[in-house]
Amino acid sequence: MTRTQASFPAVYELVRMVPAGQVASYGMIASLLPGVTPRMVGYAMAGVPVGSDIPWQRIINSGGRISPRPGSDRQHERLTAEGISFSASGRIKWAEARWQGPDDGWLDVRGMEMMDYLDIRAGWPR
């Protein structure tokens, strides 16, 4: 198992917290996990087991778009079915659909201070 694959369970745990009707970026997820990069989150999303409960479709790029790749049409369909709207250019409005982050319990278990978390969130897409 590679270091990247070792991070998949932590990535999946966070992705499961993104509710229907909201999206997060690869970078948002990565910013909450030490040693994890947005690319690693992308690898985790590509590796989601078929039939799992991981809502992979809710993770998009920081530009507010679905990254072009096989399966992107299916991702767009799923997000639209969840109430996510896209502009004519294919972007979402972060202010309307951005995930607000994990709950306090997740932060507490990881020993993340609220001010550190707020600093991280300040770097998230707007």
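What do you reckon, is Gly64 within 17 Å of Val15 (Cα to Cα), in contact with a Pro (Cβ under 8 Å, 6 or more places away or on another chain) and part of a loop (DSSP other than H, G, I, E, B)?
On the way: within 17 Å of Val15 (Cα to Cα): yes; in contact with a Pro (Cβ under 8 Å, 6 or more places away or on another chain): yes; part of a loop (DSSP other than H, G, I, E, B): yes.
The answer is yes for Gly64.
Restricting attention to region 19-39, report how many residues are part of a loop (DSSP other than H, G, I, E, B) and within 20 Å of Arg110 (Cα to Cα). Lay out the reasoning, then the answer.
In the first step, residues of region 19-39 are kept if they are part of a loop (DSSP other than H, G, I, E, B); the result is 19-22, 32-37.
Now restrict to residues that are within 20 Å of Arg110 (Cα to Cα): 32-37.
Going through region 19-39 one residue at a time, the tally reaches 6.
Residues Trp106, Trp124: which one is part of a helix (DSSP H, G or I) and touching a residue at least 60 places away in the same chain (Cβ under 8 Å)?
Details: Trp124 fails: part of a helix (DSSP H, G or I).
Of Trp106, Trp124, the one residue that is part of a helix (DSSP H, G or I) and touching a residue at least 60 places away in the same chain (Cβ under 8 Å) is Trp106.
Can you tell me which of (1) out of contact with any Pro (no Cβ under 8 Å at 6 or more places or on another chain); (2) surrounded by 14 or more Cβ atoms within 10 Å (Cβ to Cβ); (3) outside any loop (DSSP other than H, G, I, E, B) is the one Ile84 doesn't meet?
(3)
So Val11 fits all but one of (1) closer than 17 Å to Pro125 by Cβ; (2) at pLDDT 95 or above; what number is the exception?
Going through (1) closer than 17 Å to Pro125 by Cβ; (2) at pLDDT 95 or above one by one, Val11 breaks only (1).
For Pro68, which of the numbered conditions (1) within 13 Å of the chain's Cα centre (by Cα); (2) surrounded by fewer than 14 Cβ atoms within 10 Å (Cβ to Cβ); (3) farther than 19 Å from Pro19 by Cβ; (4) not hydrophobic (A, V, I, L, M, F, W, C) fails to hold?
All conditions are met except number (1).
Quick one: would you say Tyr43 is of a type in the set (Phe, Trp, Tyr) and either within 17 Å of Trp94 (Cβ to Cβ) or touching a residue at least 40 places away in the same chain (Cβ under 8 Å) (or both)? Steps first, answer last, please.
Values: of a type in the set (Phe, Trp, Tyr): yes; either within 17 Å of Trp94 (Cβ to Cβ) or touching a residue at least 40 places away in the same chain (Cβ under 8 Å) (or both): no.
Judged against the criteria, Tyr43 is not a match.
Taking region 85-103 only, how many residues are within 20 Å of Gln75 (Cα to Cα), small (Gly, Ala, Ser) and in contact (Cβ under 8 Å) with a residue 60 or more places away in the chain?
Count: 1.
So, in region 40-58, exactly how many residues are touching a Phe, Trp or Tyr at 6+ places or on another chain (Cβ under 6 Å), of a type in the set (A, V, I, L, M, F, W, C) and not in a loop (DSSP other than H, G, I, E, B)? Steps first, answer last, please.
Pass one, region 40-58, residues touching a Phe, Trp or Tyr at 6+ places or on another chain (Cβ under 6 Å): 41-42, 44-45, 48, 54.
Still in the running and of a type in the set (A, V, I, L, M, F, W, C): 41, 44-45, 48, 54.
Applying the additional criterion that residues be not in a loop (DSSP other than H, G, I, E, B) yields 41, 44-45.
So the answer is 3.
Give me the pairs, please: first residue somewhere in region 19-31 and within 15 Å of Arg91 (Cα to Cα), second residue anywhere and of a type in the set (Phe, Trp, Tyr), beta-carbon distance under 6 Å, and either six or more positions apart or on two chains.
Gln22/Trp99; Ala24/Trp99
Would you point out which residue out of Ala24, Ala46, Ala81 is under 17 Å from Ala10 (Cα atoms) and at pLDDT 95 or above? Quick ask: steps written out before the conclusion?
On the way: Ala46 fails: at pLDDT 95 or above; Ala81 fails: under 17 Å from Ala10 (Cα atoms).
Residue meeting the stated conditions: Ala24.
Being more than 12 Å from the chain's Cα centre (by Cα) and not small (Gly, Ala, Ser) is the filter; apply it to region 44-64 and report the residue that is surrounded by the most Cβ atoms within 10 Å (Cβ to Cβ).
The first filter runs over region 44-64 and keeps only residues more than 12 Å from the chain's Cα centre (by Cα), leaving 46-53, 63.
Now narrow it down to the ones that are not small (Gly, Ala, Ser): 48-50, 53.
Numbers: Val48: 18, Pro49: 9, Val50: 4, Asp53: 8.
Ranking the qualifying residues of region 44-64, first place goes to Val48.
The values are calculated or read from the model by the stated rules, or taken from the named source; none is laboratory data. Keep in mind that what you see is a predicted model, and the values were worked out from it rather than measured. Here the Cβ is made from the backbone with ideal geometry for all residues, glycine too, and neighbour counts use every protein chain on show.
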